[in-house]
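The values are calculated or read from the model by the stated rules, or taken from the named source; none is laboratory data. On a predicted model such as this, the values are computed, not experimentally measured, just so you know. Backbone-built Cβ (ideal geometry, glycine too); neighbour counts: all protein chains shown.
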Amino acid sequence: MMYNLLKGKKGIIFGALDENSIAWKTAERVHEEGGQFVLTNAPVAMRMGQINALAEKTGSQIIPADATSEEDLQNLVEQAMEILGGKLDFVLHSIGMSINVRKGKHYTDQNYAWTQKGTDVSAMSFHKTMQTLYKADAMNEWGSIVALTYMAAQRVFPDYNDMADNKAYLESIA
Ligand SMILES: NC(=O)c1ccc[n+]([C@@H]2O[C@H](COP(=O)([O-])OP(=O)(O)OC[C@H]3O[C@@H](n4cnc5c(N)ncnc54)[C@H](O)[C@@H]3O)[C@@H](O)[C@H]2O)c1
């Protein structure tokens with residue numbers, strides 16, 4: 001069912017890699033509800049994913065940005081406002097990544113360089129995104145900025161590894 005709930009609303013959606021991504025499904029629903037947005041993902045994800053298909057389907061433009069790079073984020077926010085013709089009503093931060101998890105490193109045997117990278121990508125990028133939006137005065141009043149967490153931030157889920165710490169940090173920022 002479509003209700004035009006987001007007609008006239010503009011935003012940025014981070015993190016649509018393929019159709020299994022939460023951001024992908026969100027973008028499809030936002031489009032169905034009349035919202036307009038810019039899609040973004042890490043430059044490396046442009047090669048791996050199928051984001052072009054989503055952009056075509058939703059009539060959106062893609063602006064690559066590494067969410068750990070302040071310069072990329074500034075460029076993203078500036079360009080998004082130019083493309084969408086004004087300030088933003090919503091931003092979805094749907095980003096998470098742990099190299100320790102990917103490489104099967106146990107929580108008790110972390111590679112801390114990987115831990116730091118995961119923290120930057122999964123948590124600090126949320127602060128960087130919001131700080132960039134704030135400095136550019138890019139959000140409309142009552143706009144929404146959403147990030148995705150997991151209950152391992154509060155409860156022990158050993159296999160969630162250092163992502164649990166990243167989610168706790170993310171929640172603290174929020
Ligand atoms: N899938 C689940 O069951 C679940 C449960 C709870 C929370 N979450 C959270 O939801 C969010 C989305 O996860 P998903 O399941 O859709 O997985 P996903 O892998 O499809 O999405 C993660 C996205 O982060 C992007 N990304 C990684 N590094 C980046 C960087 N440096 N800059 C910009 N983007 C970068 C990836 O390219 C990818 O598109 C994550 O925060 C995840 O932790 C997922």
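In this structure, is residue 68 closer than 15 Å to residue 36 by Cβ, of a type in the set (S, T, N, Q) and surrounded by 15 or more Cβ atoms within 10 Å (Cβ to Cβ)?
Against the criterion (closer than 15 Å to residue 36 by Cβ, of a type in the set (S, T, N, Q) and surrounded by 15 or more Cβ atoms within 10 Å (Cβ to Cβ)), residue 68 does not qualify.
Among the numbered conditions (1) surrounded by 15 or more Cβ atoms within 10 Å (Cβ to Cβ); (2) more than 16 Å from the ligand (Cβ to nearest atom), tell me where residue 130 comes up short.
Checking residue 130 against (1) surrounded by 15 or more Cβ atoms within 10 Å (Cβ to Cβ); (2) more than 16 Å from the ligand (Cβ to nearest atom), the one that fails is (2).
Is segment 97-110 home to any residue that is at pLDDT 95 or above, in contact with a strand residue (DSSP E or B) (Cβ under 6 Å, 6 or more places away or on another chain), within 15 Å of the ligand (Cβ to nearest atom) and among the aliphatic types (A, V, I, L, M)?
No: zero hits.
Scan segment 151-168 residue by residue and report those that are surrounded by 17 or more Cβ atoms within 10 Å (Cβ to Cβ) and part of a helix (DSSP H, G or I).
152, 153, 160, 163, 164, 165, 166, 167
Considering only residues that are within 9 Å of the ligand (Cβ to nearest atom), of a type in the set (Val, Ile, Thr) and touching a strand residue (DSSP E or B) at 6+ places or on another chain (Cβ under 6 Å), which ones fall in segment 52-95?
The one that is within 9 Å of the ligand (Cβ to nearest atom), of a type in the set (Val, Ile, Thr) and touching a strand residue (DSSP E or B) at 6+ places or on another chain (Cβ under 6 Å): 95.
Of all residues being within 10 Å of the ligand (Cβ to nearest atom) and aliphatic (A, V, I, L, M) in segment 111-127, which is nearest to residue 45 (Cα to Cα)? Just the residue, please.
Per the stated criteria, the residue is 121.
Scanning for something surrounded by 14 or more Cβ atoms within 10 Å (Cβ to Cβ), more than 26 Å from residue 78 (Cα to Cα) and in contact with an Asp or Glu (Cβ under 9 Å, 6 or more places away or on another chain), does segment 137-150 turn up at least one residue?
Yes, some residue in segment 137-150 is surrounded by 14 or more Cβ atoms within 10 Å (Cβ to Cβ), more than 26 Å from residue 78 (Cα to Cα) and in contact with an Asp or Glu (Cβ under 9 Å, 6 or more places away or on another chain).
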